[in-house]
Amino acid sequence: MAHYEIERTHPSFIKGSHKGRKWDKIVPAFLFVCTMISVLTTVGIVLTLVLESLPFFADVSVLQFLTTLRWSPPAGDFGILPLVSGTLLVTVLAMLVALPIGMMSAIYLSEYAPDRVRRIVKPVLEILAGIPTIVYGFFALTFVTPLLREMIPDMGLFNALGAGVVMGIMIIPLVSSLSEDAMSAVPRHLREAAFALGATRFEVAWKVVVPAALSGIISSFVLALSRAVGETMIVAIAAGATPKLTFSPLESIQTMTGYIVQVSGGDISYGSVDYKSIFAVGITLFGMTLLLNLLAQFIARRFKEDY
Amino acid sequence: MVNQDPVLVKRAKTRRMKNRFYQSLFFAATCVGVVVLVVLIVDILRKGIGVLNWDFLTSFNSYRPENAGLRGAIVGSIWIIAMTAPLTFVIGVCSAIYLEEYAKKNRWTRLIQLNISNLAGVPSIVYGLLGLALFARGFGLGRSILAAALTLTLLVLPIIIVASREALASVPDSLRHASYALGATRWQTIYRVVLPRAFPGIMTGTILALSRAIGETAPLLVVGAMAYVAFSPRDVFDIFTTIPIQIYNWTSLPQEEFKQLASAGIIVLLVLLLTLNAFAILMRNKYQKRS
Amino acid sequence: MDQRNTMVRVRHLNLYYGNTQALSDIVLDVPERSVTALIGPSGCGKSTFLRTLNRMNDLIDGVTIEGEVRIGGVDIYKDDVDVDMLRKSVGMVFQAPNPFPKSIFGNIAYGPRIHGIRQKRELEHIVEKSLRDVGLWEEVKDRLDDSATGLSGGQQQRLCIARSLAVNPDVLLMDEPTSALDPISTAKIEELVQQLKEQYTIIIVTHNMQQAARISDRTAFFLNGELIEYNDTATLFSNPDNPRTEDYISGRFG
Amino acid sequence: MDQRNTMVRVRHLNLYYGNTQALSDIVLDVPERSVTALIGPSGCGKSTFLRTLNRMNDLIDGVTIEGEVRIGGVDIYKDDVDVDMLRKSVGMVFQAPNPFPKSIFGNIAYGPRIHGIRQKRELEHIVEKSLRDVGLWEEVKDRLDDSATGLSGGQQQRLCIARSLAVNPDVLLMDEPTSALDPISTAKIEELVQQLKEQYTIIIVTHNMQQAARISDRTAFFLNGELIEYNDTATLFSNPDNPRTEDYISGRFG
Amino acid sequence: ACSQSSGTEDGGASEENSEPSEESSGAAGEEGEELTGTVVINGSSTVYPVGMIAAEQFMAEHPGVNVTVGDAGSGAGFEMYAAGEIDFSEASRPIKPEEKEAIKEAGMTPVEYTLGYDGITVVVNAENDFVDHLTVEELKKIWSADSDVQTWADVRDGWPEEEIVLYGPGTESGTYDFFIEAIIGEEEGAALRSDYTANADDNILVQGVAGDPYSLGFFGYAYYAENQDQLKAVPIDNGDGPVEPSIETISDESYTPLSRPLFIYPNSEKMKENPALKPFVQFYLENAKQFVEEAGYAPLDDAHYEELLQKFEEAHVDV
Ligand SMILES: Nc1ncnc2c1ncn2[C@@H]1O[C@H](COP(=O)(O)OP(=O)(O)OP(=O)(O)O)[C@@H](O)[C@H]1O
Ligand SMILES: Nc1ncnc2c1ncn2[C@@H]1O[C@H](COP(=O)(O)OP(=O)(O)OP(=O)(O)O)[C@@H](O)[C@H]1O
Ligand SMILES: [Mg+2]
Ligand SMILES: [Mg+2]
Ligand SMILES: O=P([O-])([O-])[O-]
């Protein structure tokens, strides 16, 4: 094969001073620092919670904390389970509302609604997520619960049901918007393939789009779940402040967040075990959300589908 | 049609009905959210609109309900948002850029991602505890606007990071390649090609984050928001109150009149929220048109 | 050719996207069990026309259609036509292979399942037959449960064809089915089309005139939404009636 | 041809994606101001090879490169090479047109701007010249501020070529630049390539052998990551040395 | 540079005031001289309205001063006190030994001033027509941790066989502690029964009792006073016959044992740095009776307030 003389020996791309260069050194460093803030936040949270709860666990053993069935600080009973059950109860109720409704709204918006309708309805639903939670708290107490009590007369004024339902409504847009995003991201050609086989819109949505978007949908579920577990003001206002190991939605309960906010605004002495207990509850809560997220990550990866 | 198999035709009819049934069901589900929103807003308007007037917006809080207004809280909320917005935006977008454009896709990056999505689920009150320990006490910022704004920044940061990452990831690689192929550096590519294109999505994330920040109550209670502040804060080290805090406080007083004020406060908060959302949607539409 | 029945019969078809007309007064008859190629420059309306034949255009907002389209004698734009059943009878293969993110088996079985076939045995039979028809059976029979997205581009496209065949259509529409494929995969699909026309009526869009010449019995040349010329492929390429057809096939115009 | 200088000189190039080898011991010289076509079946490494020439593979994690690539005499994988400036000298055009979501003007001016040109006059001059070079000036001169994404596919691809020219490269790499385009746009781009080789060294990947034959001076045939044959286009197509080349160009194998 | 304990240095009003702050503080109380600075109050949410009234009226006289009031809770108030973050803490219970210790360790001495009383009011639904009064014993029977009272009939013979629905503040509330002390007894670890419906917000308790015909609850007097149409206060018999809660009966201490004192703990050490603080505390104490009444609580007799002022002056001769 032919060989040729080489003409230029000093092309311009030998390293010299180039304008973009300096930014390409500084920028990543700065960006990295910004990213580290999130990591440090976690470190900060864990440190705060651990350090502040150490005195608590000096008084109350971890075993006692995890296994006692009663939460009654004045009596010296610090069993987290009633608070956990309260949290779970409200969360389950909220999910029962938010997941089906959110999911169905997402399917409607992504598969059925005309573009014009989607462009209006989606942000309107998103408003639900932006309404301050104390507003929901009072909505639950003064609107939803009375309504529910007409149907279920022997339900208490404070109950897990009203709080859970309203929390579920608040969370709807988290599910509907994020799932809708995931469904919209399913390429059009997959839908067309199904239509071309004679599928109805429902069959396309349910058997093609939803499975293809499943990992996104599950992520939205978990985000919703985490939000429900961590929600504070709604339960503080509407669910009562009665730590109770119960799974009856008609009763008044207390959640972990509800406990923390009430104690931190209460009158008890900051030196007391009662006060320190909020950090122990905080750690439990943090651990729970962490577990949920790990689970989500795992599930999302299992269901990840490439299209 | 060619093969009018009667069994199939009958089945087709059921399938069509099934489709129609589900369409109605899904539509109804969508309406639930919208209807609740309307009910919520009507309920609040009914309770609060009567006391909502100019005086309410321009007077400070008072023990006399007829004199009480929201001024200190409005100014406080604006201060907090004015601090939180740029901080979250810069830190959040920068983190997203780092994770999406610079970080190697290795175990550490995945760990950071997991950490961020985990932070998104950490209860806001826990951020309050952190803010108190770290900013108010640790950094000696006291119970100030700055301490509160920093707390809220950490609180809403995951929201904006996640949204911005999505936006950045949705920018097609072909655009990046085009830019690199012209000899652009990584930063030039990001700054001039990727970011403009991702901007609408980033805006959405920002607004969602700020909406959350505006309405937060629990962490600010812990960080030290005041219930009665009868002056407008002058700098970020000042004591503060915010609209949701004021609402919360009014609802806990015995007098019925304060509850009306609380409803009026909620209206103001919602108006602020909707303005912010509208702004976001406008920005989003403006930039979406171009690309 | 003339002894065969007409499978697709189009009369005075006009189609508008909003206010812009994309198809003007198309008249054309397609005999059954033949391959018809649609050629023409980009944007001339080939895909649009193809999509009127299985009413895929219904999915696009703002499309208006006038005229008559009969398939197997039935006016498919009549109110009493069940669109889903129409699409079952008129299969479609797209430019880019678009397998569902499901298993190979799940892809082929999707159509039969939605049309009511539940028995595993029957499904397995259909899957095997369809894959054999496209010559993919030997290549994939040991990994029917693997994801279809793991196949190569050419295999994916054949899978998509098999998926269309699995619902037992009469007509098969193909919109540039090989334009994203390498020459070898293209050759395989061209061969397949030749086999399939024994059973199916095939209408294929292509921007590759050699391909049209190689595989089709009749060719339709579209330009600016009009059907300029429609004839036996051999005639159209060797001896076109219309000077614009000649200009186009000789690569002379834009 | 032999009186021309070598612009690209590749010696014993091996490339690995992780552990799988995608290029094996490639040796090849490209003379300046010529068109070299890279052909071969899908997945044979054409794009991969092209991307080693402007180090676009650096953007992919886990790529290892051995051997020597010299452009204009400089070993571009040496440490003292400024990759950004290399890419300025070695332009690239992609398979799918990828204009920035900016104005037509903004697209062309992007490169000059990032390389430090700020003056409006100078930019205007570059934009006009680049657009003239690709024959797009007359078509778009009245709407330079319109979004480039509003152009037709063929126009977009020519815009992308103009955008590459605007930074004044020595080498132009094109990866199947016409495979997404209709025949008329394709013809325009082929014509353009013929003009551009007066000034630039062009290396073009194509899976269309007719195209390779029409436009290139030399052709390289790749198979499974190996360079099977590299020769004058006329020779390679009429009288290939290697039987596998012959099999491929005659469409005989897969 | 936090503003919590600021004098004129970082008070924004200082621009209007050409005179140095030390002088103006010396002239505190005199008309015409503008006082500047910020006073930060935090603590009990029960006492909060009193503080707010004091703040607002003080600021009306001294527009240069900013008084802000928080309602973070008595415990939080003392904690901020110890951390040196506030000028003034309010409490609905006396300071606990460990809190006092913490404050002393930080180099401060909390001085306690009793402002007045809040009568913890035991209430039933307005429709309840059988409860005429309850004895302390009966309350104890109902509320003690090992209570077996399920229906009203369990409380007193002849009352209906209807389930008694209980409402009360949560364990974190000062009212909870006080109620235990007054009704159950002072022994360590005493608690109320845990199966009642608790809430931190008295307004919400009001709604609970108002919505349940067979309910019983207890909370601060002001919340009863504002909702007399929906609630009925239960007279309490502590051995001397049933006494109905009212401002008078609470004030004259005949309503026992459920009157709980409200306190303030001005931070004496801060007075040295903060020129606005002493005049404010003085103003607060001088008008305490009026403020307490206005907030809906029961004031003490005039002699008590004179004592308060005297105590204050003795404590702060040096400032
Ligand atoms: N959804 C749509 N809305 C509006 N106009 C459309 C739409 N789809 C296609 N068109 C327009 O209709 C005309 C015909 O398009 P069509 O896709 O049928 O062309 P084609 O012949 O298939 O071209 P190609 O070879 O590029 O696929 C074009 O001008 C196109 O821009
Ligand atoms: N980023 C990557 N990571 C791992 N393997 C890759 C990557 N890109 C390409 N390959 C593999 O390297 C081989 C060569 O790919 P390349 O894209 O260079 O082929 P090509 O000749 O350009 O094919 P085509 O004609 O389809 O574009 C293929 O087997 C491909 O699967
Ligand atoms: Mg088309
Ligand atoms: Mg390639
Ligand atoms: O803040 P507490 O009034 O309930 O004492």
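The values are calculated or read from the model by the stated rules, or taken from the named source; none is laboratory data. Everything numeric here is computed off the predicted structure, so don't read it as measured data. Counting neighbours? That spans all protein chains shown, and the Cβs are built from the backbone with ideal geometry, glycine included.
Miscellaneous remarks
- Checking A:T232, A:T200 one by one, the residue that is touching a residue at least 24 places away in the same chain (Cβ under 8 Å) and among the hydroxyl-bearing types (S, T, Y) is A:T232 and no other.
- If you go through the range D:227-254 and pick out every residue that is away from ligand 4 (no atom under 16 Å from the Cβ) and assigned to a strand (DSSP E or B), you end up with 5.
- Every residue from the range E:193-204 that is within 20 Å of E:S45 (Cβ to Cβ) and either in contact (Cβ under 8 Å) with a residue 60 or more places away in the chain or facing chain A (nearest Cβ under 9 Å) (or both): E:T197, E:A198, E:N199, E:A200, E:D201, E:I204
- Being at the interface with another protein chain (Cβ under 7 Å from one of its Cβ atoms), closer than 25 Å to B:L273 by Cβ, aliphatic (A, V, I, L, M) and part of a helix (DSSP H, G or I) is a property that B:A29 has.
- Test for E:E137: is it without any contact (Cβ under 8 Å) to a residue 24 or more places away in the chain and either in a helix (DSSP H, G or I) or among the β-branched types (V, I, T) (or both): yes
- Of the residues A:V39, A:V50, A:V43, A:V27, the single one that is within 14 Å of chain B (Cβ to nearest Cβ), more than 26 Å from B:S124 (Cβ to Cβ) and either in contact with a Ser or Thr (Cβ under 9 Å, 6 or more places away or on another chain) or of a type in the set (V, I, T) (or both) is A:V27.
- Answer from E:A153, E:A210, E:A225 - the residue that is more than 29 Å from A:G258 (Cβ to Cβ) and aliphatic (A, V, I, L, M): E:A153
- Scanning the range D:81-104 for residues being in contact with a Lys or Arg (Cβ under 7 Å, 6 or more places away or on another chain) and farther than 22 Å from D:N168 by Cβ gives a total of 1.
- Counting only helices (runs of 4 or more DSSP H) that fall entirely inside the range A:95-160 and contain at least 3 residues that are farther than 19 Å from A:I217 by Cα, of a type in the set (F, W, Y) and within 10 Å of chain B (Cβ to nearest Cβ), the qualifying elements are A:133-139.
- D:I39 among the β-branched types (V, I, T) and in contact (Cβ under 8 Å) with a residue 24 or more places away in the chain: yes
- Of all the numbered requirements in (1) more than 30 Å from E:Y223 (Cβ to Cβ); (2) modelled with pLDDT of 85 or more, E:V69 misses one, and that requirement is (1).
- When D:S147, D:S164 are screened for being surrounded by fewer than 20 Cβ atoms within 10 Å (Cβ to Cβ), more than 26 Å from D:Q21 (Cα to Cα) and within 11 Å of another protein chain (Cβ to nearest Cβ), only D:S147 passes.
- Looking only at residues of the range C:70-85 that are among the hydrophobic types (A, V, I, L, M, F, W, C) and surrounded by 20 or more Cβ atoms within 10 Å (Cβ to Cβ), we find that the one that is nearest to ligand 5 (Cβ to nearest atom) is C:M85.
- Candidate set: the range E:41-67, residues that are part of a strand (DSSP E or B) and within 17 Å of the chain's Cα centre (by Cα); chosen: the one nearest to ligand 1 (Cβ to nearest atom): E:N42
- Selection within the range D:1-19: residues that are away from chain A (no Cβ under 12 Å) and away from ligand 4 (no atom under 16 Å from the Cβ). The member of this set that is surrounded by the fewest Cβ atoms within 10 Å (Cβ to Cβ) is D:N19.
- Lone unmet requirement of (1) in contact with a strand residue (DSSP E or B) (Cβ under 9 Å, 6 or more places away or on another chain); (2) away from every other protein chain (no Cβ under 14 Å); (3) of a type in the set (K, R); (4) farther than 25 Å from E:D148 by Cα for E:K272: (1)
- All positions within the range D:58-80 that are under 23 Å from D:N168 (Cα atoms), charged (D, E, K, R) and part of a strand (DSSP E or B): D:R70, D:D75
- Being in a helix (DSSP H, G or I), within 29 Å of A:L157 (Cβ to Cβ), within 16 Å of ligand 5 (Cβ to nearest atom) and out of contact with any Asp or Glu (no Cβ under 6 Å at 6 or more places or on another chain) holds for only one residue in A:D267, A:D274, and it is A:D274.
- Counting only helices (runs of 4 or more DSSP H) wholly contained in the range B:85-198, the ones carrying 1 or more residues that are in contact with a helix residue (DSSP H, G or I) (Cβ under 6 Å, 6 or more places away or on another chain) and either in contact (Cβ under 8 Å) with a residue 24 or more places away in the chain or within 11 Å of chain A (Cβ to nearest Cβ) (or both) occupy B:107-120, B:124-131, B:145-169, B:186-189.
- Listed by first and then second residue, the pairs linking a residue in the range C:172-191 that is over 18 Å from C:D217 (Cα atoms) and more than 10 Å from every other protein chain (Cβ to nearest Cβ) to a residue that is within 16 Å of ligand 3 (Cβ to nearest atom) and assigned to a strand (DSSP E or B), with Cβ atoms under 8 Å apart and 6 or more places separating them unless they lie on different chains, form an empty list.
- Residues of the range C:27-68 satisfying the condition of being closer than 23 Å to A:A194 by Cβ, of a type in the set (V, I, T) and within 12 Å of another protein chain (Cβ to nearest Cβ): C:I60
- Qualifying residues in the range C:171-190 (those that are among the polar types (S, T, N, Q) and away from ligand 1 (no atom under 16 Å from the Cβ)) - the one nearest to the chain's Cα centre (by Cα): C:T186
- Hits in the range B:223-245 (condition: more than 9 Å from chain E (Cβ to nearest Cβ) and not in a loop (DSSP other than H, G, I, E, B)): B:V223, B:I243, B:P244, B:I245
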